[in-house]
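These notes concern the structure reproduced below.
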Amino acid sequence: MSEPSVFTRILSGEIPGDIVAETDRVFALTDIHPQAPLHVLVIPKTEEFRDVTELAAGDPTLLAEMVGLAREVATRHADGEFRLLFNTGPGAGQTVFHVHAHVLAGDLGEKSLVG
Ligand code: AMP
């Protein structure tokens, strides 16, 4: 067995974290290094999936639940509009291999990241 991820350790109460919302299968955690006025991570309670490609193939309903919780948090804590980002692989900046979505909201400026 590998060590539990940092997110699992927060969920179990082993280390502190600011959990702002949860459902049966998903929770939302304030990012410790925020990159936007609202920066929350939406995370499945299971750490079965390392990244979004594994999750989409293995449990697309769970992926949809993550999007739903992202929307709920962005509505409750910002204006309901948000950027959803999955770093996928170390070369793309992924550092925690327990799938999670970054939810960025608040004053993001008018420009998107691409285009
Ligand atoms: P990624 O680089 O896409 O794997 O994202 C991992 C994210 O987890 C980063 O944005 C970190 O700031 C965040 N993070 C790491 N440790 C913690 C923690 N203890 N509490 C909250 N967020 C964390």
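Some points to look at:
- Under 15 Å, Cβ to Cβ, from residue 46 - net charge with Lys/Arg +1 and Asp/Glu -1: -4
- With a Förster radius of 25 Å applied to the beta-carbon distance between residue 110 and residue 76, the computed FRET efficiency rounds to 0.60.
- Extension gain, residue 22-residue 96: 0.36 nm per intervening residue step, less the Cα-Cα distance, totals 24.7 nm.
- The convex hull defined by the C-alpha atoms of the chain has an orientation-averaged projected area of 7.8 nm².
Since every read-out is calculated from the coordinates, none of them should be taken as a lab result. Note that the structure is a prediction, hence the values are computed from the model and not measured. Cβ coordinates were reconstructed from backbone atoms using ideal geometry, including for glycine residues, and neighbour counts include every protein chain displayed.
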